[in-house]
Amino acid sequence: MKRFGLIPILLLPILFNACKQEPVVTKYSIEQFYKNRQVYGGVFSEDETRLLYTSNESGIYNLFEVSIADGAQRQLTNSTQESYFAIDYVPGTNKILYSADKGGNEIDHIYLLNEDGTSVDLTPDENAKATFTGWNKAKTAFYFLSTKRDSRFFDLYIMDAKTWKSRLLYQNDKGLNINGISWDEKYVVLVESITTSENKLYLVNRLTKEQKEISVPEQPGSYSATGFSLNGKYMYYITNSQQEFQYLVSYNLETGERETVFETNWDVINFSLSRYEKYRVIAINEDGKNTLKLFDHKTGQRVESPAIADGDILSIEISDSEKYMRISAGTSKSPADIYFYNFETKELKRLTNSLNPEIDPNQLVAAEVVRYKSFDGLEIPAIYYKPKAASENNKVPALVWVHGGPGGQSRVGYFSLIQYLTNHGYAILAVNNRGSSGYGQTFYKLDDQNHGENDLMDCVYGKKYLQSLDYIDADRIGIIGGSYGGYMTMAAMTFKPDEFKVGVNLFGVTNWLRTLKSIPPYWSSFKNALYAEMGDPATADSVRLYNISPLFHASNVKNPVMVLQGANDPRVLQVESDEIVEAIKKNGVPVEYVIFPDEGHGFVKKENEIKGYKAILDFLEKYLKEESKAAE
């Protein structure tokens, strides 16, 4: 329990440039923006001289290694078809574990990379999804979840790191979420999803089969286990029970006593202990940006941690010796990079440079958090990007950006598509409509059974906020989003057809009846919670789900739409996009459609990102910028 990772599905950054004179802006091509690298993770080698990480430098995600001493980087795999994501070094060897799926189908397997460069699929069941969950205390075996017994349920297994034989540790017959295992393997933690904002936390004794509820029945809320103490005395969990925001609690396994370890006025989103519990690491989602707090675990005293200017910390790892720390952090104007920190010398060393050197970061825009009032007076937080050349004398078009989810969050961070569009003169307001995470549980629940209605009005009022800015062309505002944000885009074009001049839908839901019936089988433990929020298509809820599905009202669409879709998407099936495109065509409305045969729910190959995102700009230039100008 020494690392945390936060990769959020879409990261969004910004800054408000108050220059009175219009600056000269260098426009960069989509190819230049996607010469940037994405780097994830950074696991210490056993001798703590190297870090293993994932990068798409080669055009697709592969495994890389960087020397801590001199920053020298080495590519370890050369996949050209499937993305490989680093897990860890195998202790006592130079072998490596990594995960991969097929074409974005999300059926991940765990692979072993041998020293001679060959790979072995350690979880070869073709249709079973496998997820690495950590090493045992001695680091002689690792735990993983798999659906090989039943495609609906994840069971817990352990695999020996010498024989590569696995055995079942816990058979998950009730189909709950397995949320952890104690160091002595006595306890398994289970989570039962009630709704998307409420769950129950259980502790199962593997020896006696006794199951005990850890969540407090009369104090409902969100509960999530974050690990056990080495001495087996405590379990830690994060909850928002009886509070707006999530806080950290320790639970005494012997006495049942609970103690609040840390709370603040934002969500605690992760907690971990270094290997021998010298350090306590707490991550906080502070207004759409991660902050890190480090403590001496025994004394509870704050420990000095490095500052990264404008940094959004995505993940950290403390070495087994507890002498060093790896930090992955980006800024609003640069993709995440890997940093190395020495606790003894206080030295902070940057090991990667992900931003394409052809791009001057001063030509990009930094993130600004703004707030505006919606139709009912509710304050809506948003992340805003103002193009550098925008002024009262040079009014620019704008886009309302809607995040995925439901329940996601637009955040301060870096996303090449956002910077690309802003660099080419489009203001972007990334709204955190009601129902978004990070702003308290009351705000999070406001869109339950109300999707496509009040949350859509929050987007419309985001447009009105943009129109209030004297450098925005009030008649040239569109809407864009991916996944749930793609649904909101099509809801806007269908149910508010006069509000937005264009819509860009990236793999968005258009038929809730089909989507909710066709969710992947391994989402079984979450299905009832999803139905509680969205509605059950097999009940009277189907009437409402029909009414909020854009496909059945596509005849209302009157303004140009663009749709992008991965053919292997297991969440939003390609047929969803096929049908909405055909329905819009019947209206005689311009519609453009881009399908990627080798992508799933989101695009990970650089060549596809370049093709798709260049097509988005071309679409906007034609239908939002030029046609609107011609109509003046």
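The values are calculated or read from the model by the stated rules, or taken from the named source; none is laboratory data. Note that the structure is a prediction, hence the values are computed from the model and not measured. Positions of Cβ are backbone-derived with ideal geometry, glycine not excepted, and every protein chain shown enters the neighbour counts.
Here are a few things to note about the model shown:
- Candidate set: the stretch 549-586, residues that are under 25 Å from the mean Cα position of the chain (by Cα) and part of a loop (DSSP other than H, G, I, E, B); chosen: the one farthest from LYS625 (Cα to Cα): PRO570
- Lone unmet requirement of (1) within 17 Å of ALA366 (Cβ to Cβ); (2) part of a strand (DSSP E or B) for LEU314: (1)
- Reported count of residues in the stretch 378-428, each being in a strand (DSSP E or B) and over 30 Å from ALA529 (Cβ atoms), is 10.
- In the condition set (1) touching an Asp or Glu at 6+ places or on another chain (Cβ under 9 Å); (2) in contact (Cβ under 8 Å) with a residue 12 or more places away in the chain; (3) of a type outside the set (Val, Ile, Thr), ARG302 is compliant with all but (2).
- First in the stretch 61-80 and in a loop (DSSP other than H, G, I, E, B), second anywhere and surrounded by fewer than 11 Cβ atoms within 10 Å (Cβ to Cβ) and not polar (S, T, N, Q), Cβ under 9 Å, 6 or more apart: LEU76/GLY117; THR77/GLY117; ASN78/GLY117
- Residues (in contact with a helix residue (DSSP H, G or I) (Cβ under 8 Å, 6 or more places away or on another chain) and in a loop (DSSP other than H, G, I, E, B)) located in the stretch 153-183: GLY175, LEU176
- All conditions in (1) at pLDDT 95 or above; (2) of a type outside the set (Val, Ile, Thr); (3) over 23 Å from ASN608 (Cα atoms) hold for TYR420, with the sole exception of (3).
- For the stretch 528-550, the candidate set comprises residues that are surrounded by 21 or more Cβ atoms within 10 Å (Cβ to Cβ) and not hydrophobic (A, V, I, L, M, F, W, C); within that set, the residue that is farthest from LEU516 (Cα to Cα) is PRO550.
- Enumeration of residues in the stretch 508-546 that are part of a helix (DSSP H, G or I), free of Cβ contacts under 8 Å to residues at least 24 places away in the same chain and under 22 Å from ASN177 (Cβ atoms): LYS517, TRP523, LYS527, TYR531
- LYS611 vs. criteria surrounded by fewer than 19 Cβ atoms within 10 Å (Cβ to Cβ), in a helix (DSSP H, G or I) and of a type outside the set (Phe, Trp, Tyr): yes
- Only listed residue being under 29 Å from LYS445 (Cα atoms), modelled with pLDDT of 95 or more and not aliphatic (A, V, I, L, M), chosen from ASN547, ASN528, ASN608: ASN547
- Within the stretch 207-219, the residues that satisfy the criterion of being surrounded by fewer than 18 Cβ atoms within 10 Å (Cβ to Cβ) and in contact with a strand residue (DSSP E or B) (Cβ under 6 Å, 6 or more places away or on another chain) are GLN211, LYS212, GLU213.
- Of all residues making up the stretch 429-443, the number that are assigned to a loop (DSSP other than H, G, I, E, B) and aromatic (Phe, Trp, Tyr): 1
- Out of TYR372, TYR324, TYR385, sole residue that is farther than 30 Å from GLY425 by Cα and surrounded by 15 or more Cβ atoms within 10 Å (Cβ to Cβ): TYR324
- Filter result for ASP376 (in the same structural domain as TYR613 (by TED's automatic domain parsing), out of contact with any Gly (no Cβ under 8 Å at 6 or more places or on another chain) and of a type in the set (D, E, K, R)): yes
- Count of residues meeting criterion [part of a strand (DSSP E or B), over 21 Å from the mean Cα position of the chain (by Cα) and not basic (Lys, Arg)] in the stretch 184-231: 15
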